[in-house]
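Below you'll find the structure, written out as structure tokens, and then a few comments.
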Amino acid sequence: MILFILFTGLILRLISLNQSLWLDEATTSNVASKLSFGEIFSKFLPGDFHPPLYYLLMKIWVSIFGNSEIALRIPSVIFGLATIYITYIIGKKLVNKNSGLIAAALLATSGLAIYYSQEARMYSLAAFLISFLVFSLVKTIKEDRVGDWVTFSILLALIFLTDYVAILIIPAFWIYAIFSKQKISWLKKFVMSHIILVATIALWLPILLKQLKSGFLVGTTSPLWYQILGQISLKNLGLIPVKFMIGRITFDNKLLYGLIVVLAGVLFGFLLFKSIRLIRLIKNLPIVWIWLIVPIFLGAVISFKVPVLSYFRFLFCLPAFYLLIACGVSKLGKYKNFFLTIVLSLNLLTSGYYLFNSKFHREDWRGIASIIGSGKIVFPADSQKEAMIYYKKDGQIINSAQLTKNDREVWLSRYVWEIFDPGDTARLRIESLGYNKTSTHNFNGVVFFRYARSN
């Protein structure tokens, strides 16, 4: 059964895998294919907001398999499948085999899990590492072997090197360690297991400080960009459970969208409530609740100062969500199959809506690149041109100050221009030189104005 679930998860993750890269994925490609290992550390990472591990892995991957859209996304597909399997093992160890299979099936068909298993970014890797970390913690509790502690210790460091938000799982483990009444010998080993993590943080601290400085500078120079990164708000907080339940889809009819969200909320809320009753029966089930709740809560608190409250950053909590849903389903007796069918059907419908509807696919930079001929391309900021570089248009990119009356055709990017060019200076410059807008092109949120000069 688990092999069938994994096969289903693989098929779903291969559908529509060959979408256009969006901006951040193009960044992944350009870093992995154009920079040396030394340049990644010296030129790129100090100005980025992520640790190095994913980029280093992709550097090795790209050198072997190339940097096509599919090749870039295959690692995330693999990490997504591995997360499904680890979720199954955790459910099997904590509850029973049936609960593990249900959780794995739900994760395999989850729209949100599928989406980020198809993205050339670090979130699928972080979800896998944290699921593996939870599995290792469970093994230390049940078996207390040296090998499990070594694995746990190494994983702590790897998670820090993968995604900063993901390390919010560590306070969750400390809460569990303090309140779970474990043996003193176990607690000592738990504390000692953080030595590699502390050493890793110390070694990485100089670059981390540069990243923080760069991040706060963005908050000063581009406050609107800083806001959309995930500041604390009811909307950003509410999107986390909504996207966990129905993935990244939405509907133009907001009444219909609201109705679906409410019905899904009632369904999943009921199943989570049923799983609460198992806490007294299953000794280590609180680990899963803490895994789900504590990182999101801490992320909300941190976002009052540093904006991190975007639902995709908490993808690593999704396996915990489905483990608890699986526990709730298993408590329903003769109604178990009925509710499982409803949840699986909801997952498949919402996932299918994403996979087969290009409206919900990523920004289509490939599409816009295909219709741009030899004309000049102007961006409102240097930081938004990575996708055009990936699609071989870097030789045509200029800033508005370089534009002359000798250029017959100009393509102006309107991508987040309000943030990086609030005065709309690039457009005004182009129009002041006598260019006339001839058309507007929108490729899944990638908007360009085409300008031309008459004879």
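The values are calculated or read from the model by the stated rules, or taken from the named source; none is laboratory data. Keep in mind the model is a prediction, meaning the values are calculated, not measured. Using ideal geometry, Cβ is built from the backbone for each residue, glycine included, and neighbour counts are taken over all protein chains shown.
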request  = Output the residues belonging to the range 1-40 that are among the small types (G, A, S) and either at pLDDT below 95 or within 14 Å of I70 (Cβ to Cβ) (or both).
outcome  = S16, S20, S29
query = What about E386, is it within 22 Å of L428 (Cα to Cα), surrounded by 13 or more Cβ atoms within 10 Å (Cβ to Cβ) and not assigned by TED's automatic domain parsing to the domain that holds N18?
reply = no
request  = Those residues that are part of a loop (DSSP other than H, G, I, E, B) and among the hydroxyl-bearing types (S, T, Y), I need them from the range 111-148; list them, please.
outcome  = S117
request  = Have a look at T200, T162, T151 and point out the one that is surrounded by 14 or more Cβ atoms within 10 Å (Cβ to Cβ), assigned by TED's automatic domain parsing to the domain that holds L94 and not in a helix (DSSP H, G or I).
outcome  = T162
message = Could you go through the range 238-257 and let me know if any residue there is of a type in the set (K, R) and under 21 Å from A126 (Cβ atoms).
response = yes
note = In the range 397-425, residues that are assigned to a loop (DSSP other than H, G, I, E, B), of a type outside the set (D, E) and surrounded by fewer than 18 Cβ atoms within 10 Å (Cβ to Cβ) total 7
request  = State whether the residues of the range 36-46 include one that is among the hydrophobic types (A, V, I, L, M, F, W, C), in the same structural domain as E119 (by TED's automatic domain parsing) and closer than 25 Å to Q19 by Cβ.
outcome  = yes
task = Kindly establish whether L292 is assigned by TED's automatic domain parsing to the domain that holds N96, within 21 Å of the chain's Cα centre (by Cα) and modelled with pLDDT of 95 or more.
result = yes
Pick from the range 9-39, criterion polar (S, T, N, Q), touching a residue at least 12 places away in the same chain (Cβ under 8 Å) and assigned to a loop (DSSP other than H, G, I, E, B), ranking: surrounded by the fewest Cβ atoms within 10 Å (Cβ to Cβ) = N18
Looking only at the range 245-261, and only at residues there that are out of contact with any helix residue (DSSP H, G or I) (no Cβ under 8 Å at 6 or more places or on another chain) and loosely packed, with under 15 Cβ neighbours inside 10 Å, the one that is modelled with the lowest pLDDT = D252
task = Quick one: in the range 271-319, of everything that is of a type in the set (S, T, Y) and in a helix (DSSP H, G or I), which residue is farthest from A108 (Cα to Cα)?
result = S275
task = Return the residue satisfying two criteria in turn: it lies in the range 388-416 and is touching a helix residue (DSSP H, G or I) at 6+ places or on another chain (Cβ under 7 Å) and not aliphatic (A, V, I, L, M), and of such residues it is modelled with the lowest pLDDT.
result = S400
Which numbered condition F49 misses (of (1) over 16 Å from the mean Cα position of the chain (by Cα); (2) not in a helix (DSSP H, G or I); (3) not hydroxyl-bearing (S, T, Y)) = (1)
message = Every residue in the range 46-68 that is surrounded by 14 or more Cβ atoms within 10 Å (Cβ to Cβ) and not hydrophobic (A, V, I, L, M, F, W, C), please.
response = P46, G47, D48, H50, P51, P52, Y54, Y55, K59, N67
Filtered residues of the range 138-147 (kept if under 17 Å from I170 (Cβ atoms) and either over 27 Å from the mean Cα position of the chain (by Cα) or modelled with pLDDT of 95 or more (or both)) = T140, I141
query = For K213, are the conditions met, namely being out of contact with any helix residue (DSSP H, G or I) (no Cβ under 7 Å at 6 or more places or on another chain), part of a loop (DSSP other than H, G, I, E, B) and exposed (fewer than 14 other Cβ atoms within 10 Å of the Cβ)?
reply = no
request  = Just name the residue that is farthest from S42 (Cα to Cα) out of those in the range 165-197 that are modelled with pLDDT of 95 or more and in a loop (DSSP other than H, G, I, E, B).
outcome  = S193
key: Per-region count, the range 268-295, residues surrounded by fewer than 20 Cβ atoms within 10 Å (Cβ to Cβ) and closer than 23 Å to F312 by Cα   = 4
